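To start, the structure itself, in structure tokens.
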Amino acid sequence: MNERIVTIKLIDDKGHSQDTNLYVRFREDNTVHLILVGNSLYLESNEATYVQSLLELITKLPEGYQLKFLNSVQSTNGNSIDILTVEEYIAVTRQYDPDEPQLRFRLMCDFRGIVFEAEAIEDFSIALQALQDKMDVSFNICAYCSNADFRSTGGEDLRQGWFCLRDVSNRHPDLPWFQREDEFQEAYSNVNAFHWCPSFVKAVDRMF
């Protein structure tokens, strides 16, 4: 099913939070429809990718508001396996141009009593890579799985736009994506970067 509902926190400019539901639908016309529903709140957006639609949605909120997601992540460090919670804060920034809003991704994780934090503007993968590097662990998630891939179009969505190729036969991972479009047609699309499944295999030297 190409739709899901996620319960998240909506945080106002004073730090107060309320539970809200984020409805996500990946439409057949290759757009992403989002609806944010909370107490006296109903906002919609529809754009080409999840990240673009999220930007449109958050710009409809009052200045200073942000969304908080909780992501459960399995990580490895040597022979040790930990189940961690990565807090994901998403807000709008106009740091570079007041007329061009962008998303700011901030990731936080309490790992063995130490809180690690990383952030990036517009590119979620930069924040994810920086957090993993600071923690000196390996996240066992789709973003670092050899069965997952993305089309490097320059506008790729590395938050909710992964393709899972675990059931695709005769794969050719050494070829550029545009020479194996048939593989992506067979793959599972719109996969969450934090997702995990039993077919997880650590990708070798994947760096963003």
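Criterion first (among the aromatic types (Phe, Trp, Tyr), under 21 Å from His195 (Cβ atoms), open to solvent by less than 20 Å² (accessible area, probe 1.4 Å) and in contact (Cβ under 8 Å) with a residue 24 or more places away in the chain) does Trp162 satisfy it?
So Trp162 passes the test.
Quick one: is Phe111 of a type in the set (Phe, Trp, Tyr), under 16 Å from Val73 (Cα atoms) and surrounded by 15 or more Cβ atoms within 10 Å (Cβ to Cβ)?
yes
Answer yes or no: is there a residue in region 182-190 that is open to solvent by 40 Å² or more (accessible area, probe 1.4 Å), in contact with a strand residue (DSSP E or B) (Cβ under 7 Å, 6 or more places away or on another chain), under 23 Å from Asn71 (Cβ atoms) and aromatic (Phe, Trp, Tyr).
yes
Testing Glu100 on (1) in contact (Cβ under 8 Å) with a residue 12 or more places away in the chain; (2) among the acidic types (Asp, Glu); (3) out of contact with any Ser or Thr (no Cβ under 8 Å at 6 or more places or on another chain); (4) open to solvent by 50 Å² or more (accessible area, probe 1.4 Å), one condition comes back false. Which one is that?
It fails just one condition, (1).
With (1) in contact with a Ser or Thr (Cβ under 9 Å, 6 or more places away or on another chain); (2) open to solvent by 20 Å² or more (accessible area, probe 1.4 Å) as the list, and Asp157 as the residue in question, which single condition is left unmet?
(2)
Quick check on my filter: what residues within region 22-47 are touching a Ser or Thr at 6+ places or on another chain (Cβ under 6 Å) and either of a type outside the set (A, V, I, L, M) or modelled with pLDDT under 95 (or both)?
Gly38, Ser45, Asn46, Glu47 - these are the residues of region 22-47 that are touching a Ser or Thr at 6+ places or on another chain (Cβ under 6 Å) and either of a type outside the set (A, V, I, L, M) or modelled with pLDDT under 95 (or both).
Quick one: in region 53-93, of everything that is within 17 Å of Leu128 (Cα to Cα) and polar (S, T, N, Q), which residue is nearest to the chain's Cα centre (by Cα)?
Checked region 53-93; the qualifying residue nearest to the chain's Cα centre (by Cα) is Asn71.
Yes or no: Thr49 more than 20 Å from Ala193 (Cα to Cα) and within 20 Å of the chain's Cα centre (by Cα)?
Taking the combined requirement at face value, the residue does not satisfy it.
Take region 131-149 and flag every residue that is over 16 Å from Val204 (Cβ atoms) and either in contact (Cβ under 8 Å) with a residue 40 or more places away in the chain or crowded, with 18+ Cβ neighbours inside 10 Å (or both).
Answer for region 131-149, where residues must be over 16 Å from Val204 (Cβ atoms) and either in contact (Cβ under 8 Å) with a residue 40 or more places away in the chain or crowded, with 18+ Cβ neighbours inside 10 Å (or both): Leu131, Met135, Asp136, Val137.
Would you tally the residues in region 63-83 being of a type in the set (D, E, K, R) and either open to solvent by less than 20 Å² (accessible area, probe 1.4 Å) or closer than 30 Å to Phe200 by Cβ (or both)?
Selection size over region 63-83: 2.
Looking at region 117-137, is at least one residue of a type outside the set (Ser, Thr, Tyr) and more than 21 Å from Glu88 (Cβ to Cβ)?
For region 117-137, residues of a type outside the set (Ser, Thr, Tyr) and more than 21 Å from Glu88 (Cβ to Cβ): absent.
Hey, can you tell me all the residues within region 166-208 that are touching a residue at least 24 places away in the same chain (Cβ under 8 Å) and on the phi > 0 side of the Ramachandran plot?
Scanning region 166-208 gives a single hit, Asn190.
The values are calculated or read from the model by the stated rules, or taken from the named source; none is laboratory data. Since the structure is predicted, the reported quantities are computational estimates derived from the model, not experimental observations. A quick note on method: Cβ atoms are made from the backbone with ideal geometry, for glycine too, and the neighbour counts reach across all protein chains shown. Each accessible area value is taken on the protein alone, full model and side chains, heavy atoms only, with ligands, DNA and RNA left out. Shrake-Rupley method; radii C 1.70, N 1.55, O 1.52, S 1.80 Å.
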